[in-house]
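Working notes, beginning with the structure itself.
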Amino acid sequence: MMSEELPYSASEMLSVMSGRLLTDGQTVFAGVGIPLLAATLAQRIHGPGITILFEGGTLGPFVVPGELPASTNEQRCTRRANMLLSITDVLLLLQRGYVDVGFMGGAQIDRYGNLNSSFIGSPENPSVRLPGTGGGNDISSLTQMIVAIKHEKRRFVEKVDFVTSPGFLTGNSTRHDTGLISGGMYRVVTDLAIMGFDEMTKSMKVEALHPGVTAEEVRDNTGFDILIGKDVSVTKAPTDEELSVLRHLDPDRVYIA
Amino acid sequence: MTQNYLDLRAATEARDRSLRSKVMTLEKATEIVQDGDHIAIGGCTASRTPLAMIWALIRAKKNDLSISRSIVSTEGDLLFGSGICDHIITSWFSQGIVWGISKVMRSYTETKRAKFEEWSHMSLGLRYRAGAMGIPFMPTRAMMGSDVANQLENLREIECPFTGDKLLLVPALNPDVALIHVQRCDEYGNAQIDGLQFMDLDLAMAANKVILTTENIVSNDQIRRRPDQTKIPFLTVDAVVEVPYGAAPHECYGMYEPFFKHMDDYADLTKDDPDNGVAKYLDRYYYEPSNWPEYLSLLGVEQMLDATRRGRSIYDV
């Protein structure tokens, strides 16, 4: 895990690494918290032409530093936006194909990138009833996904307790066969590594390790047999500029603590 | 909740849809809601929640309501805790991300005293839209292959007759009553909504009856000066109730942001013993005040001013 001496927190690592995956000009459907921070960071550093969409109905806002919204549905989300749509219509932009990347977190993820944000334990008798899908299911059904999540064994499980947001279901062509003919998991970003998915089997595989992280550490913190290629690259540590922009956006460290 | 089309039309035709005053008190408006009704709530999460109307329905001790809303926040806790509703249909249910998972929702659903029926956000929106369009279902490309869909009984998968694509059909939702809070409307129910619209127009058109609460009743002349700003047609509206701070302690765009300290205190109160916490909250804020102004004074002038200052800041650009 991240050692104490590093000059950045795990959440800052997640924000920086996932923000770097976005490219200028993309349309990004973002949840609040790390996805919003990462997308805003990308806007400031390398992608001024990134358009953010919020589930609450906002098209193309610029959030105000220190006034980060607590949900995607409140007035803080609308600052300097281009347009406010209804919730249903902004979600329909996903189905119509206007969104390049969906960007969210999750409580639990499995080998095939399925996400659970509904139940811990069995759905009939859960040990924890979680808040549910929100737009997560729609986003993951309809576009390419980046997921930012902390790398812990209890979160990276062989099989999620409940498929809230579909990844590649049971691998191979099962996602396509079920009727989800577009979208799918693109990258999973953690505080240890960046993962993609095998082209054929759709099983999760490590694409890059963060500086100082070993393949062993990733295996030890993953609850399934994760693929690790021989040629994995190493990411560049967060720069001072990236960290200072992040801390400027979230001075009270609501999300980057 | 998917109604026979001719019954739906007959109910609409039987309503007095003329341009007439519909202004009434909160208490009078509660009579529109019948025990056993399905009620759709406007706004989303902690935004433009019609809390004054919910407050009045809880005080009127309604029974056996089912509720739907795009995303449910603290009002869901209070609906469960008060016992007037034991079934909520929504896509996401908790106070808000910064406050973590709702302990009251957990307590009620994990002990099976109440049901949280989970739909994807868009599919719930499409259900209201189908209801608003007067058609029995909408097709969607989302939700297939997920356990969200597997858990729901009321879905059909089809092969598109034109393209052969697999599609999921979600049934129309025509609520008995929709509760919607707006910044301003006239006495007839022409409602203007500033900021995010959420699913409110679809709710109004889908529902058999609509109760509007409003921060402010304005003249019909003022509405006619800017008809482009009217978002809810008066034809759909059955009651208009003027309630200043009618969404407090949630937010109302451009007028007030959430009363954050109150929301923090609520989360603390319900953290360790959710059942007792929500019962205490209901006693103090829902049952004991004799009227809405008394409720607002319990929230406190200081918090109200702070929320108002932050709310108005949206126009400082």
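When its C-alpha radius of gyration is set against 2.2 N^0.38 Å (N residues), region B:62-116 gives a value of 1.00. In the context of the full set of protein chains, chain B has a per residue accessible area of 40 Å² (1.4 Å probe). With both labels modelled 7 Å from their Cα along Cα-to-Cβ, the B:Val218 to B:His87 distance reads 4.0 nm. All distinct Cα pairs of region A:137-246 go into the 1/r average, and the inverse of that average, the Kirkwood radius, is 15.0 Å. For chain B, the relative contact order is 20 percent, taking Cα pairs closer than 8 Å that sit 6 or more residues apart in sequence and dividing their mean separation by the residue count.
Residue by residue along B:92-103, Cβ atoms of other protein chains within 10 Å of the local Cβ number 5 on average. Pairs A:Lys159/B:Lys115; A:Lys153/B:Lys261; B:Lys112/B:Lys271; B:Lys22/B:Lys271; A:Lys236/B:Lys271: which exceed 31 Å Cα-Cα? Result: A:Lys153/B:Lys261; B:Lys22/B:Lys271; A:Lys236/B:Lys271 exceed 31 Å.
The residues packed around B:Leu269, meaning those with a beta-carbon under 11 Å from its beta-carbon, carry a net charge of -2 if Lys and Arg are +1 and Asp and Glu are -1. For region B:57-176, the carbon plus sulfur part of the accessible surface works out to 50%, probe radius 1.4 Å. Counting protein heavy atoms only, region A:130-257 has 50 percent of its accessible area on carbon and sulfur, 1.4 angstrom probe. Diffusion of region A:79-202 by Stokes-Einstein, at 25 °C in a medium of 0.890 mPa s and with Rh set to the Kirkwood radius over alpha-carbon pairs, works out to 163 µm²/s. The chymotrypsin sites (Phe, Trp or Tyr not before Pro) found in region A:1-84 that occupy coil by DSSP, while having at most 16 further C-beta atoms within 10 Å, are A:Phe62.
The GluC sites (Glu not before Pro) found in region A:1-51 that occupy coil by DSSP, while having at most 13 further C-beta atoms within 10 Å, are A:Glu4, A:Glu5. Loop-resident trypsin sites (Lys or Arg not before Pro) (DSSP state other than H, G, I, E or B) in region B:44-128 with no more than 15 further Cβ atoms inside 10 Å of their Cβ: B:Lys61, B:Lys112, B:Arg113.
Rounded to the nearest 5, what % of DSSP beta bridges with both residues in chain B are antiparallel?
35 percent
Defining a contact as two alpha carbons under 8 Å apart and six or more residues distant in sequence, what relative contact order in percent does region A:10-248 show?
Working: 541 pairs, mean separation 42.3, N = 239.
Averaging sequence separation for qualifying contacts and normalising by length gives 18 percent for region A:10-248.
Here r is the Cβ-Cβ distance between B:Cys160 and B:Ala10 and R0 is 25 Å; the resulting FRET efficiency, rounded to 0.05, is 0.20.
Accessible-area loss of 50 Å² or more (1.4 Å probe, protein heavy atoms, chain alone versus all protein chains) is found in region A:71-107 for A:Asn73, A:Gln75, A:Arg76, A:Arg79, A:Leu84, A:Ile87, A:Thr88, A:Gln95.
Probe of 1.4 angstrom, ligands and nucleic acids ignored: what's the accessible area per residue over region A:10-248, in square angstrom?
Details: 8340 Å² over 239 residues.
That works out to 35 Å² for each residue.
Would you calculate, for chain B, the mean residue ellipticity at 222 nm contributed by helices, counting each DSSP H stretch of 4 or more residues as -39,500 (n - 2.57) and dividing by all residues, to the nearest 500? Here the helix-only value at 222 nm equals -9500 deg cm²/dmol. The residue among A:Asn116, A:Ala257, A:Val234 whose Cα reaches farthest toward the positive pole of the charge dipole of the protein assembly as shown, with charges on the beta-carbon of Lys, Arg, Asp and Glu, is A:Asn116. Remark: mean inter-chain Cβ contacts per residue of A:159-165 equal 3, using a 10 Å Cβ-Cβ cutoff to other protein chain atoms.
By the gyration tensor of its Cα atoms, with a ≥ b ≥ c the square roots of the eigenvalues, what is the shape of chain B: rounded for a/c under 1.5, prolate for a/b over b/c, or oblate? In terms of gyration-tensor shape, oblate. In straight-distance terms, cross-link reach from A:Lys230 covers every one of the aspartates and glutamates whose alpha-carbon lies under 17 Å from its own, apart from those fewer than eight places away in the same chain; here that gives A:Asp198, A:Glu199, A:Glu207, A:Glu216, A:Glu217.
Run lengths n ≥ 4 of DSSP H only: what is the helix-derived mean residue ellipticity at 222 nm for chain A, with -39500 (n - 2.57) per run over all residues, to the nearest 500?
Values: 7 runs with 59 residues, N = 257.
Helices in chain A give a 222 nm mean residue ellipticity of -6500 deg cm²/dmol.
Here the Gaussian network model covers chain B, with springs between Cα atoms less than 10 Å apart; of B:Ala191, B:Ala142, B:Ala40, B:Ala142 fluctuates the most. Based on Cα atoms of region A:10-248, Rg over Rh with Rh as the Kirkwood radius reads 0.95.
Using R0 = 51 Å, the C-beta based FRET efficiency linking A:Lys159 and B:Asp316 works out to 0.50.
Given a 1.4 Å probe and the protein chains as shown, A:Lys236 ends up with an accessible area of around 130 Å². What quantity of accessible surface, computed with a 1.4 Å probe and excluding non-protein components, is buried in total between chains B and A, in Å² to the nearest 100? Buried surface at the B/A interface: approximately 4300 Å².
Projected over all directions and averaged, the alpha-carbon convex hull of the protein assembly as shown occupies 25.5 nm².
The values are calculated or read from the model by the stated rules, or taken from the named source; none is laboratory data. Everything quoted here is computed from the prediction, not taken from an experiment. Glycine gets a Cβ as well: all are built from the backbone with ideal geometry, and neighbour counts include every protein chain shown. Side chains are part of the model used for accessible areas, which takes the heavy atoms of the whole protein and leaves out ligands, DNA and RNA. Shrake-Rupley method; radii C 1.70, N 1.55, O 1.52, S 1.80 Å.
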